[in-house]
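Novice: Dumping the structure here so I can ask a few things about it.
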Amino acid sequence: MLEELDLGWCPTLQSSTGCFQHLARSLPRLRKLFLTANRTVCDSDIEELAVGCPSLQHLDILGTRLVSAGSLKKLLQSCPKLLLLDVSFCSQIDMRVVQELSGSFPNVAIKKSFTQ
């Protein structure tokens, strides 16, 4: 029944344990998920969210290093209610990727902040 979950800034949570994939399979009503600054979130976690959380409206993965454009595209295709995706400081996601995804999914605000 859980709809919102903030696991941001929890460095003890590691993707390698399968915790994020288990979360995605267990929370089909999830609307908002904050995984801020968890550097272990990876493509397989995002793809599992795409499959298991079709009601997702807000996803914050600020600071991830292991998420690629391909998994974000799958997420955007599978979560038609998504309104906000924060990929700030995600090292594999550059402005070109953000522009491409924004063009393909105009109803989603894709937030990208970075330092040069």
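Novice: Please go through region 25-43 and give me each residue that is in a helix (DSSP H, G or I) and touching a strand residue (DSSP E or B) at 6+ places or on another chain (Cβ under 9 Å), ordered by number. Working first, answer last.
Specialist: Taking region 25-43 as the starting set, the residues that turn out to be in a helix (DSSP H, G or I) are 25-26, 43.
Result: D43, single match.
Novice: Among the residues of region 10-38, count how many are touching a helix residue (DSSP H, G or I) at 6+ places or on another chain (Cβ under 9 Å), closer than 13 Å to I61 by Cβ and basic (K, R).
Specialist: Residues in region 10-38 being touching a helix residue (DSSP H, G or I) at 6+ places or on another chain (Cβ under 9 Å), closer than 13 Å to I61 by Cβ and basic (K, R): 0 in total.
Novice: Follow-up. Just to be sure I understand, how many residues within region 14-25 are free of Cβ contacts under 8 Å to residues at least 12 places away in the same chain and of a type in the set (S, T, N, Q)? So that I can check it myself, show each step before the final result.
Specialist: Applying the first criterion (free of Cβ contacts under 8 Å to residues at least 12 places away in the same chain) to region 14-25 yields 17-19, 22.
With the extra rule that they be of a type in the set (S, T, N, Q), the set shrinks to 17.
Of the residues in region 14-25, 1 are free of Cβ contacts under 8 Å to residues at least 12 places away in the same chain and of a type in the set (S, T, N, Q).
Novice: Another question, then. If you go through region 31-60 one residue at a time, how many are touching an Asp or Glu at 6+ places or on another chain (Cβ under 7 Å) and under 12 Å from F89 (Cβ atoms)?
Specialist: The total comes to 2.
Novice: Now, a different point. Residue by residue through region 1-48, note down the ones that are under 15 Å from the mean Cα position of the chain (by Cα) and aliphatic (A, V, I, L, M).
Specialist: Answer for region 1-48, where residues must be under 15 Å from the mean Cα position of the chain (by Cα) and aliphatic (A, V, I, L, M): L5, L7, L23, A24, L27, L30, L33, L35, A37, V41, I46.
Laboratory data are not the source of any read-out in this text; all were calculated from the coordinates shown. Note that the coordinates shown come from a computational prediction; the quantities given were computed from them, not determined experimentally. As a convention, Cβ positions derive from the backbone with ideal geometry for all residues, glycine included, and neighbour counts pool all protein chains shown.
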